[in-house]
Amino acid sequence: MSRHEVLISGFGGQGVAVTGRALGSAAVSAGLRATMLLSHGTETRGGYVRSQVVISDESIDSPVVENPDIFCALSQAAYTRFIHLVSQGVVFYDPETATPGPASGARLVAVPAREIALESAGNERAANSVMLGAVLRRLNLFPVKYGMQALRGLLPRHAESNIRAVRAGYLRYME
């Protein structure tokens, strides 16, 4: 295994930070190394948020995502702002919230996360958990149960619905 870089971005309130924390925590629980950087605008909700996760089985020299293997664009602004970083990775986007443009070598994969979240969890706010499931499937580094356990710890009051959303995203994503 080598270094895997995941970039998740959207607006505040979309669960970007929770998704990054869950991914990093899941990797560590599976015995891997992980770092996560979070950056956001000055607004709490509705402003820009970015989570950078690096996973490896070796020491991680820099936590900065420079060429993401996976980019989850949870908004149009996120897509526009970061698509230039993805030279040959996969871009997951929700067609309800982002319309892809030029992708310079990236593979674009539509994940109707809000729709899947509504179907599986009964709440479109679990769209980030659907994306987490898709990321876990694409990475294929460890069992999805680690992602579910991480969410159980991060969102104890809403764990079951988010776990259903992770499972749905994991099962619906196909190469």
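The values are calculated or read from the model by the stated rules, or taken from the named source; none is laboratory data. Owing to the predicted nature of the structure, the values given are computational and were not obtained by experimental measurement. Ideal geometry is used to build each Cβ from the backbone, glycine not excepted, and the neighbour counts take in all protein chains shown.
Of the residues V49, V54, which is of a type in the set (A, V, I, L, M), modelled with pLDDT of 95 or more and not in a loop (DSSP other than H, G, I, E, B)?
Values: V49 fails: modelled with pLDDT of 95 or more.
On inspection, the qualifying residue turns out to be V54.
Can V6 be described as surrounded by 20 or more Cβ atoms within 10 Å (Cβ to Cβ), within 20 Å of R152 (Cα to Cα), at pLDDT 95 or above and within 16 Å of the chain's Cα centre (by Cα)?
On the way: surrounded by 20 or more Cβ atoms within 10 Å (Cβ to Cβ): yes; within 20 Å of R152 (Cα to Cα): no; at pLDDT 95 or above: yes; within 16 Å of the chain's Cα centre (by Cα): yes.
So V6 does not fit the description; no.
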*Restricting attention to the range 68-99, which residues are in a loop (DSSP other than H, G, I, E, B) and buried (at least 17 other Cβ atoms within 10 Å of the Cβ)?*
P68, D69, L74, S75, V86, G89, D94, T97, A98
*A73 is checked against (1) over 20 Å from V109 (Cα atoms); (2) among the aliphatic types (A, V, I, L, M); (3) touching a residue at least 24 places away in the same chain (Cβ under 8 Å) and fails just one. What number does that condition carry?*
(1)
*Only residues that are among the hydroxyl-bearing types (S, T, Y) and modelled with pLDDT of 95 or more: list them for the range 162-174, please.*
Y170
*Any idea which residue in the range 100-123 is farthest from L155 (Cα to Cα), counting only those that are among the charged types (D, E, K, R) and surrounded by fewer than 17 Cβ atoms within 10 Å (Cβ to Cβ)?*
R107
*So which residues in the range 122-153 are touching a Lys or Arg at 6+ places or on another chain (Cβ under 9 Å), at pLDDT 95 or above and within 19 Å of S9 (Cβ to Cβ), if there are any at all?*
A126, A127, S129, V130, G133, A134
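Give the residue that is nearest to S9 (Cα to Cα), with candidates limited to residues of the range 105-121 that are in a helix (DSSP H, G or I) and of a type in the set (A, V, I, L, M, F, W, C).
Restricting attention to the range 105-121, the residues satisfying the condition of being in a helix (DSSP H, G or I) are 113-121.
Adding the requirement that they be of a type in the set (A, V, I, L, M, F, W, C) leaves 113, 116-118, 121.
Details: A113: 14, I116: 19, A117: 18, L118: 21, A121: 22 Å.
Within the range 105-121, the match that is nearest to S9 (Cα to Cα) is A113.
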